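Throughout, read-outs are computed from the coordinates displayed, never taken from laboratory work. Owing to the predicted nature of the structure, the values given are computational and were not obtained by experimental measurement. With ideal geometry, Cβ positions are generated from the backbone for all residues, glycine too; neighbour counts draw on all protein chains shown.
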């Protein structure tokens, strides 16, 4: 698949293995949601591709625990992913990269938290973006815990410090995506 080949061009060794496993888990959950919603095959295909490539931007960040020694803070990996995929000719996949952090970052979030990010909205807009963002919340990139799916309560607890509105977005996705009906 082209996504795996592209990841391999930008990452190698342990970081590549971590990103591949994490992204496969995110893609699998996203596809469960897509199936639950009876989305068309073309949309399912895009969701799988975009989920597999959503973390390509980590190749430019500094996260030694993941074997990443780039110059940029981890929070910027979505923006870097967008730059990479825009340059590679995948503009819709690029938007998934930029918009998948938490439940999305608003301009207000970026300014209030003084994040080293461009001052613009970075919230998932399309249904595939929302599904991938949602699925990503359930999996970490921590070595040894890659395949562990977080509980709903653990995801809520992680989002709460960023505001009740973030938990409300997540809760609305739980209902919309029928997570209670998806095998866990």
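Overview of values
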| read-out | value |
| --- | --- |
| The range 109-175 versus the range 1-40: alpha-carbon centroid distance in Å | 17 |
| Rounded FRET efficiency, nearest 0.05, which uses the C-beta distance separating residue 45 from residue 165 and R0 of 35 Å | 0.60 |
| Among 114-125, 70-81, the order from most to least packed when residues are scored by Cβ within 10 Å on average | 70-81, 114-125 |
| Residues in the range 164-178 reached by a label modelled at residue 106 [backbone nitrogen below 14 Å; 7 Å Cα→Cβ] | 164-170 |
| Over the chain: helical MRE at 222 nm, DSSP H runs n ≥ 4 each giving -39500 (n - 2.57), nearest 500 | -17500 deg cm²/dmol |
| Cβ-derived FRET efficiency at R0 30 Å, residue 36 paired with residue 154, nearest 0.05 | 0.90 |
| Convex hull volume of the range 50-126 per residue (C-alpha atoms, cubic angstrom) | 95 |
| Label-point separation in nm, residue 125 to residue 172, each point 7 Å along Cα→Cβ | 1.6 |
| Likely footprinting exposure, 126, 65, fewest C-beta neighbours within 10 Å first | 65, 126 |
| Per residue, the convex hull volume that the Cα atoms of the range 1-118 enclose (Å³) | 111 |
